[in-house]
1. When both residues are 6+ apart or on different chains and their Cβ atoms are under 7 Å apart, which pairs have a first residue that lies in the stretch 64-79 and is more than 15 Å from residue 208 (Cα to Cα), and a second that is part of a helix (DSSP H, G or I) and of a type outside the set (S, T, N, Q)?
2. Pull up the stretch 62-110, narrow it to residues that are closer than 29 Å to residue 229 by Cα and polar (S, T, N, Q), then point me to the one that is nearest to the chain's Cα centre (by Cα).
3. If you take the residues of the stretch 172-194 that are among the polar types (S, T, N, Q) and modelled with pLDDT of 90 or more, which of them is farthest from residue 58 (Cα to Cα)?
4. Restricting the search to the stretch 182-203, which residues are more than 19 Å from the chain's Cα centre (by Cα) and part of a loop (DSSP other than H, G, I, E, B)?
5. Mind listing whichever residues of the stretch 136-172 are among the β-branched types (Val, Ile, Thr), in contact (Cβ under 8 Å) with a residue 60 or more places away in the chain and in a helix (DSSP H, G or I)?
6. Examine the stretch 204-222 for a residue that is among the small types (Gly, Ala, Ser), under 22 Å from residue 59 (Cα atoms) and under 19 Å from the mean Cα position of the chain (by Cα), and state whether such a residue exists.
7. Specify which of the listed residues (91, 105, 81) is under 24 Å from residue 13 (Cα atoms) and surrounded by fewer than 16 Cβ atoms within 10 Å (Cβ to Cβ).
8. Can you tell me which residue in the stretch 143-164 is surrounded by the most Cβ atoms within 10 Å (Cβ to Cβ), limited to those that are more than 20 Å from residue 77 (Cβ to Cβ) and either more than 15 Å from the chain's Cα centre (by Cα) or among the polar types (S, T, N, Q) (or both)?
Amino acid sequence: MIRTIFVWSSIVIATLVLGVLTLLSYPLDRKGRVGHYCARFWGRIALLANRVKVKVEGLENIKGKGPFIFMSNHQGSYDIFVLLGHLPFQFKWLVKKELFSIPFFGWAMSAAGYISIDRQGTREATVESMNKAAQKIREGMSVVIFPEGSRSPDGSIQLFKKGGFILAMKSKVPIIPISLAGSREIMSKDRLTASSGEIRIKIGDPIETEPYSVKDRPVLMEKVSETISKNFELISKG
């Protein structure tokens with residue numbers, strides 16, 4: 001209990017301080033670079049406060065500076081912290097539109113340049129938000145997507161949703177498959193208590209989207225799913 005109180009206190013304080021810095025930087029940094037550095041520091045603080053070790057392999061598979069669409073399985077709450085803290089690229093998150101209405105937290109996400117996706121609106125609104133996101137990616141913005149949509153309830157990799165793959169094909173940029181293991185044991189979907197441990201990350205070879213058309217979406221989804229699942233099994237044994 002003491003560990004959990006300390007961890008959440010550290011996260012809350014870091015959120016307030018770094019959120020203010022992100023908001024203050026916005027007038028001079030409309031691309032959100034300062035916001036991303038604040039977010040990286042935020043992730044590192046959460047990991048350090050909970051004494052979480054991180055092992056990353058496969059960074060050498062990523063050639064160039066992007067833009068990329070990073071796709072990762074989603075095991076637990078610490079996935080966000082570990083990707084922010086240990087993925088050495090400038091990137092944005094795709095965030096549900098309703099989260100931007102949260103006072104302060106939503107404002108900081110907006111200032112950091114995170115991309116709003118309208119999942120609850122009309123089909124036209126969803127398509128419009130996806131088109132805007134694809135345009136930002138083509139202009140040079142990398143993004144991170146959890147294709148499962150939410151954290152796994154049992155540790156297995158869930159079926160992937162099609163939205164991220166439609167975005168990838170619209171953007172025509174490579175998908176970087178990322179496998180995460182260990183974060184569910186630290187803080188799973190159904191609890192707020194924190195445990196220390198190790199999170200392992202394995203980055204696979206980029207998967208080009210240029211050869212795929214809309215009708216080939218299931219093939220692309222299967223290829224990404226197989227890569228993430230295979231690497232997940234490897235690092236789960238480690």
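1. So the pair list comes out as 72/79; 72/83; 73/228; 73/232; 75/184; 76/184; 76/186; 78/186.
2. 72
3. Keep residues of the stretch 172-194 that are among the polar types (S, T, N, Q), which gives 179, 183, 188, 193.
From the residues that got through so far, the ones that are modelled with pLDDT of 90 or more too are 179, 183.
Working: 179: 10, 183: 18 Å.
Checked the stretch 172-194; the qualifying residue farthest from residue 58 (Cα to Cα) is 183.
4. Quick first cut of the stretch 182-203, residues more than 19 Å from the chain's Cα centre (by Cα) only: 190-197.
If the condition is that a residue be more than 19 Å from the chain's Cα centre (by Cα) and part of a loop (DSSP other than H, G, I, E, B), then 190, 191, 192, 193, 194, 195, 196 are the ones that fit.
5. Just the residues of the stretch 136-172 that are among the β-branched types (Val, Ile, Thr), to begin with: 137, 143-145, 157, 166.
Filter again for in contact (Cβ under 8 Å) with a residue 60 or more places away in the chain, leaving 137, 143-145, 157.
Once the filter is applied, which keeps residues that are among the β-branched types (Val, Ile, Thr), in contact (Cβ under 8 Å) with a residue 60 or more places away in the chain and in a helix (DSSP H, G or I), the stretch 136-172 yields only 137.
6. Of the stretch 204-222, the ones among the small types (Gly, Ala, Ser) are 204, 213.
Cutting the leftovers down to under 22 Å from residue 59 (Cα atoms) gives us 204.
Then drop every residue that is not under 19 Å from the mean Cα position of the chain (by Cα), which leaves 204.
Checked the stretch 204-222: at least one residue is among the small types (Gly, Ala, Ser), under 22 Å from residue 59 (Cα atoms) and under 19 Å from the mean Cα position of the chain (by Cα).
7. 105
8. 162
The values are calculated or read from the model by the stated rules, or taken from the named source; none is laboratory data. Note that the coordinates shown come from a computational prediction; the quantities given were computed from them, not determined experimentally. Cβ coordinates were reconstructed from backbone atoms using ideal geometry, including for glycine residues, and neighbour counts include every protein chain displayed.
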